[in-house]
Amino acid sequence: MTDVNSNETNIPFSDLKKVIDGEILNLDFENRNIKYLITDSRRPIINPESVFFAIKGNNHDGHNYIPSMIESGIKQFIIEDQTAFKHFKDTDCNVCLVKSSVKALQDLASYKRSLTTSPVIAITGSNGKTIIKEWVSQLLYDSEKVIQSPMSYNSQIGVPVSVWGIESFHTVGVFEAGISHPGEMKKLQEVIKPTHGIFANIGSAHESNFESIEQKANEKAILFQTCERITYCKDHEIIHNALTIYEKSRLNGWSANDESADYFVSYETTEDNFTNIIIYRANKKSTFTVKFNDPVSLENITHCLVCLIDMGYKKDYLKNQLPRIKEVDMRLTIKRGINQSFVIDDTYNNDMAGLEAALSRVTQFPNIAKRIVVLSDIQQSAATKEELYGQVSRLLESFKIDQVIAIGNEITQYLKYNFGDKISFQNTEEALNNFGWDEIEDSLIIVKGGRVFQLEKIVRRLEKKIHGTTLEINLSALTNNLNFYRSKIKPGVKLMVMVKALAYGSGAVEIGKILQFHRVDYLAVAYPDEGVNLRRNGIYIPIMVMNPSPESFDMLHRYDLEPEVYSLSFLKKLDSYTREEKKSFKVHVKLDTGMHRLGFNIEELKKVIEIISANKYIRVTAAFSHLAGADSSSHNEFSHQQNDEFKKMSEVLIDGLGHNVIRHLCNSAGIIRFPEFQYDMVRLGIGLYGVEVTEMEQKNLLPISKLKTIVSQVKAIKKGQTVGYGRAGVAAKDMKIATIAIGYADGFSRIFSQGNASVYIKGVKVPVFGNVCMDMTMVDVTAIDDINEGDEVVIFETTEQLLELAESGKTIPYEILTNVSERVKRVFQSI
Ligand SMILES: *Cc1c(COP(=O)(O)O)cnc(C)c1O
């Protein structure tokens, strides 16, 4: 199996001794090369040339997954905990012991980086890194062989995994780097060793680990130590100051204010709402036209243009490339497809690193019936075709892809795929016309291809048609919020996440899957049906049910759901049911410590203990209670009383039962305000969904949902005319009205009538006019000159908008979120 003709770099396992200063503990298996780096046991590439790095993180320890990795067929391992070596007894694995697995990963990538002499562009900044990286790469595709970091792989682990992909045939590398703690950038700098840099911007997000924004800027500037040239916007003073540590000759500052800057930039909006970006350099003027006009995108694209012009790319070439760049929200998105399928749309470029990243998403959909990949010819590789498609085939097999729909001359000719079905077409049109797309059901379909293949046509064919009102859920923001709360809980404390009421309106199954993927310990729902729905869709982690009924005992048992036990009458029914049916249950005992909703009081505990102790089928896994006023300091005294009560009652229960149980008390607000009440587990709810009700940490959360609809019609109304039911909207002057496709049946409450709430069209806040109807609402758009049928209407997107809407409705954000009715389509996105 030697790779003749390959111009890929081979690093045999035995070289790890010198490259990463490791101790080879075992070299039983043949001394293979290192090809695929696996840092996440949930996304393994099963291949003899894969290496699993056992990494210790805050929340889990990769060493725990070694046995399952061995079982799945991984043969090579890097470990940092010597005791884990016991797992390798009687195996034929290669094992290398290092001081730190993350450092080893970085050193290995750094070594690979040092073997290439091509230019490498590194991008950092608080926002927009990923899009700038994408755009720089897209601008270069037609003239270079580009390696770029997949998705937003920009962390201490993501960066080395990305850089590892560099091969000698690549002519440019484009990588992004992100940090969250001081000291981290130096390590990323050593891995990337960029020759060119872009410092995008500095925002206030994720500030918590830095003393000041200046400190953060200085830390980020470390990335550019090896750069010949560093592109940035001089108008950001903090960035400018942070970069003064470098010689002036290396700084490539552009400005929209200072005409004496190396690059002076101005913007003008064209008649068709495009933007001309005018760049002056040494008195020479060039104009670049882009399709958008929002300031953030304009700044991002200006970074790209200034950097590439400075690197010597011809302006005419860049002008020609510009119309092809994809806009910001065209990210690698998960879409609802036809017949209960999901579609992952990744239709821009197609290289091996990107393919691997896209395929690794399959693990987020454990319960899908079939895995399908629509794949075009692979671009940009100098390896021989046989070898290239051999690799593709191994990659597809390692992710157990059931069917490959191959599109293009090369892939048709060279891809041999025996693990699953393969069907080939010369081009996209042929595939569209001749494949039975409508027969696809219950599948995950990854559509991955170079842009010339226009696979977006296939995505459109597969997408469930969504019109009108949608709730967009941003899974990356959700992950951000999850990680924030994880940083707030003490080591060893478990995490239960509340996914009741469709995960606060956002979609229980999808959210449940992502939470399961991120290894939360428990989910909780209100009703048994909700739990069953999760189980039927592949959720296997423990689930607590808060409002179980005796009628649902069968169902609870069949689906392994753990009921809350809250009253003696309920407990007695469970007691007799379990004895008769001989069925075992794990239960959570609810203690009433002052909320006075559900739960036992202290006098009842004796009886509870008596019943449960005498019943071998009922096992108490947890005892919990709920704080009634955790969000507000005005109830501090009461919260402390509740905690004292909880402590006392749970001890009585534990004593009486004679075994320990998981104790949980805190909700989202409790996690923030009462770290001392965390016990063994916490219950995260609203915070995950982006609202920090204590308002102390809102800046660390991201909004996860955007409710939007469209304009159905625009009308001119004369002074004195009336609008809608009850003629409640009376025009005081000539005005313009837009009818939008959302009403109280969608969750847009009738209380918002007559100016009580506003929505946003083209960034303009417009009030409701007249009464909200069942499916429609009229809004006053007199202030917007250019408004048309089909225009997007934002109901809420930012946290401020959500809170404001709640206030208009005299309610709390919980209700606004959970009111979004089921008929509103949910669309899930992640970067
Ligand atoms: C809903 C709920 C939570 C979560 O509350 P948040 O305020 O959304 O964090 C926690 N515990 C119980 C018992 C709940 O019903």
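The values are calculated or read from the model by the stated rules, or taken from the named source; none is laboratory data. Given the structure is predicted, the values throughout are model-derived calculations rather than measurements. Here Cβ is always computed from backbone atoms with ideal geometry, including for glycine, and neighbour counts include all displayed protein chains. Protein only, heavy atoms only, side chains kept; ligands, DNA and RNA dropped before computing areas. Shrake-Rupley method; radii C 1.70, N 1.55, O 1.52, S 1.80 Å.
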Inset, instruction - On a C-alpha basis, how far is the centre of region 354-417 from the centre of region 287-309 in Å? Whole number, if you could? - result: 34
Legend entry - Accessible surface of the chain [probe 1.4 Å, protein heavy atoms]: carbon and sulfur percent: 47
Inset, instruction - Please list, or write none, the lysines whose alpha carbon is within less than 22 Å of the alpha carbon of K457, excluding same-chain residues fewer than 8 places away. - result: K291, K326, K335, K370, K422, K448, K465, K825
Inset, instruction - Determine the calculated [θ] at 222 nm for the chain from helices alone, applying -39500 (n - 2.57) to every DSSP H run no shorter than 4 residues and normalising by the residue count; nearest 500 deg cm²/dmol. - result: -8500 deg cm²/dmol
Legend entry - Pairwise FRET efficiency - K699 versus K765, Cβ, R0 = 30 Å, nearest 0.05: 0.85
Inset, instruction - Express in whole angstrom the spacing between the alpha-carbon centres of region 29-108 and region 578-595. - result: 42
Legend entry - Charge-dipole axis of the chain as Lys and Arg at +1 and Asp and Glu at -1 on Cβ define it, positive-most pick from T777, G670, G125: T777
Inset, instruction - Hydropathy first: keep DSSP H helices in the chain averaging at least 0.5 on Kyte-Doolittle, then drop any whose Cα extent along the axis falls short of 15 Å, and list what survives. - result: 295-310
Legend entry - Which of H303, H640 is most accessible, then next, and so on - probe 1.4 Å: H640, H303
Inset, instruction - Using a 1.4 angstrom probe on the protein heavy atoms only, line up H557, H626 by accessible area, largest first. - result: H557, H626
Inset, instruction - Under 18 Å between C-alpha atoms is the cut-off here; go through region 36-169 and count lysine pairs that meet it, provided they're at least eight residues apart or on different chains. - result: 9
Legend entry - Inter-centroid distance (Cα atoms) of region 180-253 relative to region 800-831, Å: 37
Inset, instruction - Straight distance only, please: which lysines reach the Cα of K248 with their own Cα at less than 17 Å, same-chain residues fewer than 8 apart left out? - result: K234
Legend entry - Candidates per trypsin sites (Lys or Arg not before Pro) in region 25-85, loop by DSSP, up to 16 other Cβ within 10 Å: R42
Inset, instruction - Can you tell me the dipole magnitude for region 236-367 around its Cα centre, using point charges on the Cβ only (Lys, Arg +1; Asp, Glu -1), in Debye to the nearest 20? - result: 360
Inset, instruction - Place a +1 charge on the Cβ of each Lys and Arg in region 564-678 and a -1 charge on the Cβ of each Asp and Glu, then give the dipole magnitude about the Cα centre in debye, rounded to the nearest 20. - result: 560
Legend entry - Surface accessible to a 1.4 Å probe, L605 within the full protein complex, Å²: 0
Legend entry - Accessible area of region 24-72 divided out per residue, in Å², using a probe of 1.4 angstrom: 43
Inset, instruction - Over region 711-831, average the accessible area per residue using a 1.4 Å probe and give it in Å², no decimals. - result: 48
Inset, instruction - Leaving ligands, DNA and RNA out of it, rank H87, H518 by accessible area with a 1.4 Å probe, largest first. - result: H87, H518
Legend entry - Test item: Cα-centred dipole of the chain, Lys/Arg +1 and Asp/Glu -1 on Cβ, debye: 580
Inset, instruction - Rounded to whole Hz and in sequence order, give me ³J(HN,Hα) for region 680-694 from the Karplus expression 6.51 cos²θ - 1.76 cosθ + 1.60, θ = phi - 60°, writing x for Gly and Pro. - result: 9, 7, 10, 10, 8, x, 3, x, 4, 8, x, 10, 9, 5, 7
Inset, instruction - Note down the accessible area of D61, probe 1.4 Å, to the nearest 10 Å². - result: 40
Legend entry - In Å², nearest 10: area of R579 left accessible to a 1.4 Å probe: 100
Inset, instruction - Report ³J(HN,Hα) in whole Hz for each residue of region 90-98, in order, from the Karplus equation J = 6.51 cos²θ - 1.76 cosθ + 1.60 where θ = phi - 60°; Gly and Pro get x. - result: 6, 10, 10, 9, 8, 9, 10, 9, 10
Inset, instruction - With an 8 Å cut-off on Cα pairs and a minimum separation of 6 or more residues, tell me the relative contact order of the chain in percent. - result: 8
